[in-house]
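S.K.: What follows is a structure written as structure tokens; I'll ask about it next.
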Amino acid sequence: MKKKNFFLFLIVFTQQLFSQSRTESFQLILHDGWNMQSSLTEKATGDQISKKDFPVKSWYKITVPSTFIAGLLANHEYDFDPFYGKNFEKLADKRLDTTWWYRKEFALPSSETNKNVVLKLHGINYKANVWLNGVLIADSSYIKGPFRIIELDITKQIKYTGENILAIEILRPFNPNKHDGDLAIDYADWIHYPPDYNGGIVNNVEISTYDQVGIRHPLVTTKFDLPSLDVAHLAVDAEVINYTDKETDAVVKGKINSVIQFQQKVHLMPNEKKQVSFSSADYPQLNIKNPKIWWPWQYGKPQLNRVEVSAVRNNKVSNTISENFGIRQITSTLINNSSREFIVNGKPIMLRGAAWSPDIFQRRSKKREEQELKLVRDMNMNIVRSEGKLEDDGFYDLCDQHGLLVMTGWMCCGAWQYPENWDAPERKVAMASDSSVMYWLRNKACIMVWLNGSDMPPRDSSVEADWLSIENYLKWPNPIVGTADASKSKVSGYSGVKMNGPYDWVPPLYWETDSNKHGGSWSFATEISPGPSIPPYESIIKFIPKDSLWYTNSNWLYHCGTMQFGNTKIFDSALIQRYGNSSSIQEYIAKAQLQNYEGHRAMMEAYGLDKYNTATGVVQWMLCNPWPSLIWHTYDYYLYPAGTYFGMKKSMEPLHIMYSYKTNEVDIINSLLEKFKSLTVKADVYDLNGALKYSHTITTDVDEDGIKKCFVISPIENLSGVYFLRLSLKDSKQKMRSINWYWLSQKPDELTWKNSKWYYTPQFGFTDFTALKDLPATTLNVNYSTAKKENNTTHTITITNTGKVVAFFVHVRVLKEKKADDILPVIFSDNYISLAPGESRTIECSYENKDAGKGAPYILITAWNLSVVGSKAGKNAGFEK
């Protein structure tokens with residue numbers, strides 16, 4: 001019984017251990033109980049505001065992190081939705097151009113009496129004066145930069161008993177989007193800028209304590225004897241600090257997974273910071289046999305380990321810090337000067353994902369991050385790019401847990417891109433920012449690569465050289481690339497990646513056809529997109545007034561991007577040419593889902609098909625929007641998954657069957673480290689009247705992480721101008737692994753390559769899908785079962801095509817109740833499906849109960865050619881034309 005209880009304790013302890021990314025022996029995160037006020041309203045000075053009993057009854061109550069506008073929104077300062085129509089313009093306020101006070105009262109527990117106390121400011125945007133208990137402890141000449149983690153020793157000002165009053169006077173950044181602006185958060189042409197430019201506190205404020213000596217920033221790096229993964233050779237580093245003005249000795253102790261132990265004596269001069277290292281050569285116990293390895297999800301389990309380091313002085317522990325880390329080794333190599341391949345634990349990996357964007361007001365929540373990264377994982381993506389915003393620990397922890405890789409680095413296109421314009425103080429901010437970020441992110445398993453530039457390498461090569469020196473000194477363990485575009489850096493050489501566009505609509509044929517110049521499936525495309533992603537009607541009416549629902553209306557245009565991307569003209573023109581004119585916004589949106597689906601699917605399929613030859617990665621621009629938008633997302637601001645989402649999800653299935661628009665070929669993409677034998681590949685072609693005009697089946701194999709070109713679809717006689725291709729892939733046990741439908745035309749899309757611009761390639765000919773408007777109607781039968789658990793519900797929905805023609809683009813929705821809103825977020829195993837005459841498909845749908853409302857969930861089915869009359873559904877299910 002004792003043994004049983006011990007193992008039960010061990011399981012619970014381990015679960016708790018790995019559910020927390022970073023813990024310290026004392027860590028007080030100052031999250032709740034803040035007050036905020038404009039200095040135009042509050043005329044008192046910092047020494048007054050930071051004293052006890054200062055009246056703040058009229059101030060805004062907030063939590064931190066919070067920008068100025070986020071705080072005002074949380075206090076219902078505005079009587080309008082800033083995302084609706086052009087209401088965003090109403091946020092302009094002269095108060096936002098002056099300083100704002102952030103005030104917090106806090107007390108230390110008695111256990112921390114007489115210890116050294118450090119205030120950690122992470123994310124002051126942009127500069128601040130900091131007061132504690134009536135004393136100015138740092139001014140805006142030092143407190144500057146949203147990406148810095150600034151540590152202030154407040155031991156002399158702290159009160160060990162009673163309340164402490166922290167007051168921070170913050171001035172927002174100015175012109176971060178300009179060549180000579182502040183080194184702050186920038187949005188380029190993504191969106192309209194919030195008028196506070198995200199001024200405020202955008203990450204954590206913390207209090208830590210130490211007993212004269214402290215330790216921080218643990219790092220564990222891994223080297224394998226590749227290709228063998230039997231032994232992981234670990235190295236552990238940390239920084240130890242003497243917080244006194246006297247020399248002292250200390251012992252740094254460490255543990256891996258609470259089992260492997262190591263220690264080292266250090267001598268510290270007064271106020272000295274020293275890097276301490278433990279190598280596997282000097283500490284043989286760091287050579288770990290049969291290690292728990294962290295893998296990207298498609299290659300294995302993202303297993304996490306735990307490192308703990310302590311600073312001990314006079315046999316007394318001063319402080320302890322522990323973090324999760326991954327035993328993994330990430331490297332990169334150039335296939336040629338244009339293509340960089342990334343390698344994880346000795347295995348090359350084809351990277352397909354999208355670019356993350358936080359909320360426009362920098363409002364973050366654990367729940368929202370969990371919801372969004374669940375959608376990322378559901379789309380079968382393996383990488384997220386974060387450009388110049390940087391997220392919070394919760395985001396990276398979730399990526400660690402989900403086995404998602406992260407590409408991150410500095411921002412384009414404003415002040416960060418023009419270091420030749422920096423004065424000495426700004427350069428100091430840039431260097432301190434780089435140091436902070438390296439310390440912060442270097443031990444996170446998910447981080448794959450750091451980019452020292454976005455749209456170009458740093459224009460002042462000495463800046464890149466200095467950054468590389470910092471990154472080398474701090475032992476950044478992952479690849480570093482000078483830029484996200486194809487430029488050759490004078491310092492670091494060829495990037496092996498590209499930013500050659502497009503960012504606007506191009507047809508499916510584009511991706512395979514371009515092989516060496518533009519955005520086609522070669523090299524590593526760090527940001528790329530077939531342009532607009534039109535949300536469903538149910539989302540659009542939440543942010544565009546109903547009397548403005550047309551793609552030429554100014555409210556519509558306001559919710560596009562800015563500058564070149566302030567409209568959907570190129571997309572709309574192609575939509576009209578390819579699918580015909582629309583007589584209503586609902587018809588336009590229905591056609592847009594088709595074009596979104598086929599365009600995004602083709603991009604990801606092409607890169608998958610050409611992987612390692614020489615395509616090595618593709619990042620969709622973007623994953624999500626900072627506010628409700630009509631362009632560049634895979635799901636909309638309200639987390640509604642529509643055509644783009646399911647086209648993406650389909651294209652990145654781990655074992656996938658696809659059609660090549662370029663060669664008329666059927667191919668298999670295998671993204672798993674597993675060889676598949678005796679696969680059944682079948683292609684069926686149906687005309688608009690539902691007649692089967694072609695069918696071909698073969699049995700074949702595909703290697704691990706491999707491609708298999710199966711067969712070319714031969715010419716078909718007497719085929720309608722528009723037709724359907726159904727591809728299916730079964731494994732050796734006849735389990736269906738992939739079904740993929742294409743709607744095709746005998747008239748191809750044609751591109752004018754010589755007139756290509758950086759953001760798109762124009763067309764001189766368009767495919768013709770207008771016959772789809774006359775597709776004969778069909779009927780459906782729908783039945784479903786429900787499994788409801790304590791926290792979530794799953795519906796298993798079976799849809800049968802009971803008609804004689806293809807049921808095209810069948811869309812399944814789950815509403816909170818009949819005629820109510822959709823349950824969001826929601827995970828469907830598939831959607832926007834098509835069905836051959838007589839075919840049945842079963843789709844699973846799951847969601848959290850707290851998102852479902854109190855009514856009876858209602859299954860609603862729509863389709864391109866649905867006849868509601870004659871279609872049948874069970875209880876709490878129905879159809880809509």
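The values are calculated or read from the model by the stated rules, or taken from the named source; none is laboratory data. Computed from a prediction, not measured in an experiment: that's the story for all the values here. Cβ sites come from the backbone with ideal geometry, for glycine too, and all protein chains shown count toward neighbours. The accessibility values were calculated without ligands, DNA or RNA, using every heavy atom of the protein model including side chains. Shrake-Rupley method; radii C 1.70, N 1.55, O 1.52, S 1.80 Å.
S.K.: Work out the FRET efficiency for ASP153 and ASP249 from their Cβ-Cβ distance, taking R0 = 25 Å, and round it to the nearest 0.05. Before the final figure, lay out each step's value.
M.R.: Numbers: r = 21 Å, r/R0 = 0.83.
Efficiency at R0 = 25 Å is approximately 0.75.
S.K.: Gap in Å between the Cα centre of region 20-67 and the Cα centre of region 207-262?
M.R.: Using only Cα atoms to place each centre, the spacing works out to 34 Å.
S.K.: If you line up the long axis of helix 393-402 against the longest principal axis of the chain, both from Cα atoms, how many degrees apart are they, to the nearest 10?
M.R.: Helix 393-402 sits roughly 50 degrees off the main axis of the chain.
S.K.: Which whole-number percentage describes the relative contact order of region 571-671, with Cα contacts under 8 Å and a sequence gap of 6 or more? Provide the component values of the computation, followed by the final result.
M.R.: Details: 113 pairs, mean separation 23.6, N = 101.
Over region 571-671, the number comes to 23 percent.
S.K.: Something else: I want the local charge near ARG364. Using Cβ-Cβ distances under 13 Å, sum +1 for each Lys or Arg and -1 for each Asp or Glu among the other residues. Working shown, then result.
M.R.: Working: positive: ARG363, LYS366, LYS367, ARG368, LYS389; negative: ASP359, GLU369, GLU370, GLU372, GLU391, ASP392, ASP393, ASP397.
That sum, taken over residues with Cβ under 13 Å, equals -3.
S.K.: Label-point separation (nm) for GLU880 and ALA424, each offset 7 Å from Cα along Cα-to-Cβ?
M.R.: It works out to 6.5 nm between the two label points.
S.K.: Compute the signed sum of charges (Lys and Arg +1, Asp and Glu -1) over the other residues within less than 9 Å, Cβ to Cβ, of LYS730. Intermediate values should be presented prior to the final figure.
M.R.: Values: positive: LYS682, LYS733, LYS735, ARG737; negative: ASP731.
In short, +3.
S.K.: Which percentage, to the nearest 5, of the DSSP beta bridges contained in the chain is antiparallel? Show your work: numbers first, answer last.
M.R.: Numbers: 169 of 200 bridges.
Taking every DSSP beta bridge within the chain, about 85 percent pair in antiparallel fashion.
S.K.: Could I ask something else about it? When only Cα pairs under 8 Å and 6 or more residues apart are kept, what is the percent relative contact order across region 614-739? Before the final figure, lay out each step's value.
M.R.: On the way: 238 pairs, mean separation 27.4, N = 126.
Across region 614-739, relative contact order equals 22 percent.
S.K.: Name the lysines eligible as straight-distance cross-link partners of LYS733: C-alpha to C-alpha under 27 Å, and not fewer than 8 places from it in the same chain.
M.R.: LYS301, LYS649, LYS650, LYS675, LYS677, LYS682, LYS708, LYS709
S.K.: Something else about it: Over the chain, what is the mean sequence separation of C-alpha contacts under 8 Å (at least six apart), divided by residue count, expressed as relative contact order in percent?
M.R.: Working: 2159 pairs, mean separation 74.6, N = 881.
It rounds to 8 percent for the chain.
S.K.: Shape verdict for region 743-856, please, from the Cα gyration tensor: rounded (a/c under 1.5), prolate (a/b greater than b/c) or oblate. The partial results should precede the final answer.
M.R.: Details: a/c = 3.23, a/b = 1.69, b/c = 1.91.
Cα axes put region 743-856 in the oblate bin.
S.K.: Check the cysteines of the chain one by one and keep only those with no other cysteine Cβ under 4.7 Å from their own.
M.R.: So, CYS560, CYS624, CYS710, CYS845.
S.K.: Same structure, new question: Just grab the label-to-label distance for ALA820 and ASP189, each label 7 Å out from Cα along the Cβ direction, in nm (one decimal).
M.R.: 4.3
S.K.: For n ≥ 4 DSSP H runs only, could you compute -39500 (n - 2.57) per run for the chain, divide by its residues and tell me the 222 nm figure to the nearest 500? Intermediate results must be reported in sequence, preceding the final value.
M.R.: On the way: 13 runs with 142 residues, N = 881.
Rounded to the nearest 500, the figure is -5000 deg cm²/dmol.
S.K.: Further, regarding this structure: In nanometres, what is the gap between the two model label sites at GLU272 and ARG459, each 7 Å from Cα along Cα-to-Cβ?
M.R.: 4.3
S.K.: How far is the Cα center of region 369-405 from the Cα center of region 810-858, in Å?
M.R.: That distance is 25 Å.
S.K.: Select from region 787-881 those GluC sites (Glu not before Pro) which occupy a DSSP coil region and have at most 14 other Cβ atoms within 10 Å, ordered by residue number. Each step should come with its number before you reach the end.
M.R.: On the way: sites: GLU790, GLU817, GLU839, GLU844, GLU848, GLU880; in loops: GLU790, GLU817, GLU839, GLU880.
When the GluC sites (Glu not before Pro) of region 787-881 are filtered for loop state and at most 14 Cβ neighbours within 10 Å, GLU790, GLU880 remain.
S.K.: Suppose all protein chains stay in the model; what accessible area per residue would a 1.4 Å probe give for region 145-284, in Å²?
M.R.: Details: 5410 Å² over 140 residues.
Each residue of region 145-284 exposes 39 Å² on average to a 1.4 Å probe.
S.K.: Note the angle between two axes, namely the Cα long axis of helix 585-609 and the longest principal axis of the Cα atoms of the chain, as a number of degrees from 0 to 90, rounded to the nearest 10.
M.R.: Helix 585-609 sits at roughly 70 degrees to that axis.
S.K.: Under 1.5 on a/c is rounded, so check that first for region 572-697, then, if it is not, pick prolate when a/b is larger than b/c and oblate when it is not; a ≥ b ≥ c are the square roots of the alpha carbon gyration tensor eigenvalues.
M.R.: Working: a/c = 2.22, a/b = 1.26, b/c = 1.77.
Verdict is oblate for region 572-697.
S.K.: Accessible area of the chain with a 1.4 Å probe: how many percent of it is carbon plus sulfur? Intermediate values should be presented prior to the final figure.
M.R.: Numbers: 16320 of 33640 Å².
Summing carbon and sulfur atoms, their accessible area is 49 percent of the total for the chain.
S.K.: On to the next question. Grab the Cα-Cα distance for LYS789 and SER554, subtract it from 0.36 nm times how many residues apart they are, and report the gain in nm with one decimal. Show your work: numbers first, answer last.
M.R.: Values: separation 235, 0.36 × 235 = 84.60 nm, distance 4.60 nm.
Difference between extended and current length: 80.0 nm.
S.K.: Around GLU674, what is the net charge, scoring Lys/Arg as +1 and Asp/Glu as -1 over all other residues with Cβ under 11 Å from its Cβ?
M.R.: Computed value for this residue: -2.
S.K.: Okay, next question. Quick check: the angle from helix 569-579's long axis to the longest principal axis of the chain, C-alpha only, nearest 10 degrees?
M.R.: 30
S.K.: Give the share of C-alpha pairs in each 10 angstrom bin for the chain, from 0 to the last occupied bin, in whole percents, shortest bins first.
M.R.: 2, 12, 21, 24, 20, 13, 6, 2, 0, 0
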